[in-house]
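Below is one structure, written out as structure tokens; the observations come after it.
The values are calculated or read from the model by the stated rules, or taken from the named source; none is laboratory data. The structure presented is a predicted model; accordingly, all values stated were derived computationally and were not measured. Note that we place each Cβ from the backbone using ideal geometry, even for glycine, and neighbour counts take in every protein chain shown.
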Amino acid sequence: MGINNRETILLDTNCFIYYFEDNPNYADKLEKIFIEIQDGKNEAFMSIISFMEILVKPKKYNNVFLENRYKLILSNYPNLSIIDVDYKIADITSRLRANYNIKTPDAIILATGISMNVDYFITNDIKLKSVCSQENIETIAIENVGD
């Protein structure tokens, strides 16, 4: 499934983790997406929740070098915005939780995409596909990126 130029993307936490950890099943597919974002073909968003989740493992193992590396990469990556939770996102989150009974972190991440009016959500969390469909966001499984 291809993403056209100028379309907007919400990246789930697993996209970053798989890419940073060079996951053998997904890193190559994700690299294509990250290059397109870097080159300005697409604008991408991530929730501050994803940013927080990405930092858990380096902090758990007291890997300050990796923690700082992730912070530096994510906060300076071209055409990638880290979106804080604001009133609008909190309101959308509560609606998603009430209507679909999804976990709060997932609801915040999706609410971020809804708030930013994204075209696509890239994830490997297939449970969120039906929610995205009802919210008019096209879901792309990481394994299908570039197909």
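Points worth noting:
- Restricting 126, 137 to residues that are of a type in the set (Val, Ile, Thr) and either in contact (Cβ under 8 Å) with a residue 24 or more places away in the chain or touching a Phe, Trp or Tyr at 6+ places or on another chain (Cβ under 6 Å) (or both) narrows the list to 137.
- The set of residues in region 15-29 that are within 15 Å of the chain's Cα centre (by Cα), in a helix (DSSP H, G or I) and either farther than 19 Å from residue 110 by Cα or hydroxyl-bearing (Ser, Thr, Tyr) (or both) comprises 18, 19, 20, 27, 29.
- Looking at 61, 18, 70, 77, just one residue is of a type in the set (Phe, Trp, Tyr), more than 24 Å from residue 145 (Cβ to Cβ) and modelled with pLDDT of 95 or more, and that residue is 61.
- Test: residue in region 36-54 that is among the aliphatic types (A, V, I, L, M), surrounded by 13 or more Cβ atoms within 10 Å (Cβ to Cβ) and not in a helix (DSSP H, G or I): yes
- Complete set of residues in region 55-100 that are assigned to a helix (DSSP H, G or I) and in contact with a strand residue (DSSP E or B) (Cβ under 8 Å, 6 or more places away or on another chain): 74, 75, 89
- Number of the exception - residue 32 against (1) among the basic types (Lys, Arg); (2) surrounded by 13 or more Cβ atoms within 10 Å (Cβ to Cβ); (3) assigned to a helix (DSSP H, G or I): (2)
- Matching residues, region 92-107, being within 16 Å of the chain's Cα centre (by Cα) and either crowded, with 22+ Cβ neighbours inside 10 Å or at positive phi (or both): 93, 106, 107
- Answer from 126, 137, 73 - the residue that is of a type in the set (A, V, I, L, M) and exposed (fewer than 12 other Cβ atoms within 10 Å of the Cβ): 126
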